[in-house]
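In what follows, a structure is listed as structure tokens, so that the remarks can point back to it.
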Amino acid sequence: MKEIQPRDTTRSLLLWLGFVVSIVALGLSIFAVIMAWRLESRIDNIAVEQRIDAFVNGADILTPDVGVIQFMKRGYTVRFDTLNYGPSGLDVTGTVGNPTWLYLSSINLKLVAMALPNERNEVRSLMRKDPALLKSNRLDVGSAETTVPSLNPGQTESFKMTIPNVKQTKDKLFIVISFSGERYSYVP
């Protein structure tokens, strides 16, 4: 019978220790990859939410509700009197109000109808594919412009337009409103 040498015992102990360390290192590496993947997913969700919030906070977004006074970022008001889906699109009548002390003239009033999917997860997946989705016109269903000749302080003015291509769907409809070309004056 051959005697076990201390050298052989040390060598086999080192082999087993190396094996155990390798298994632990492999397990820790797999754990780190899984945690990195989860973190990346959370960062993606946060980035998408920030883009959505930036769009919502930067645009004047209205809901198509009849008879509800809605406020734009600069304090101006919009109330839709009628919203009718017809063969030519969405027929809109309403009033725009001026709560400021400024006189406005030559207002180019633009309404853009946007349809967002009802599922927030669907919006997230669309935005992962195209980060600039909300700033592009891919979600725009239709847009229309009209001119409001003047809007005096504390007054309202009516407007009427048809936003083409808008049909009633299950997707939520938003209307982004904007002014352009307006002239401001102040008469003390």
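Data overview
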| quantity | calculated |
| --- | --- |
| Residue in segment 127-148 that is more than 20 Å from VAL48 (Cα to Cα), surrounded by fewer than 14 Cβ atoms within 10 Å (Cβ to Cβ) and in contact with an Asp or Glu (Cβ under 9 Å, 6 or more places away or on another chain) present | no |
| Scan of segment 51-82 for residues that are out of contact with any strand residue (DSSP E or B) (no Cβ under 6 Å at 6 or more places or on another chain) and surrounded by 14 or more Cβ atoms within 10 Å (Cβ to Cβ), ordered by number | ARG51, ILE52, PHE55, TYR76 |
| Residue tally, condition touching a strand residue (DSSP E or B) at 6+ places or on another chain (Cβ under 6 Å) and exposed (fewer than 14 other Cβ atoms within 10 Å of the Cβ), over segment 83-105 | 2 |
| Positions within segment 6-34 being of a type in the set (D, E, K, R) and either modelled with pLDDT of 95 or more or surrounded by 10 or more Cβ atoms within 10 Å (Cβ to Cβ) (or both), in sequence order | ASP8, ARG11 |
| Scope segment 138-170; condition touching a residue at least 12 places away in the same chain (Cβ under 8 Å) and farther than 23 Å from GLY94 by Cα; matching residues | LEU139, LYS170 |
| Which listed residue is assigned by TED's automatic domain parsing to the domain that holds VAL176 and without any contact (Cβ under 8 Å) to a residue 40 or more places away in the chain, from ASP53, ASP91, ASP65 | ASP65 |
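The values are calculated or read from the model by the stated rules, or taken from the named source; none is laboratory data. None of these values were measured; they are calculated from a predicted model. Don't worry about glycine lacking a Cβ; one is built from the backbone with ideal geometry, like all the others, and counts go over all protein chains shown.
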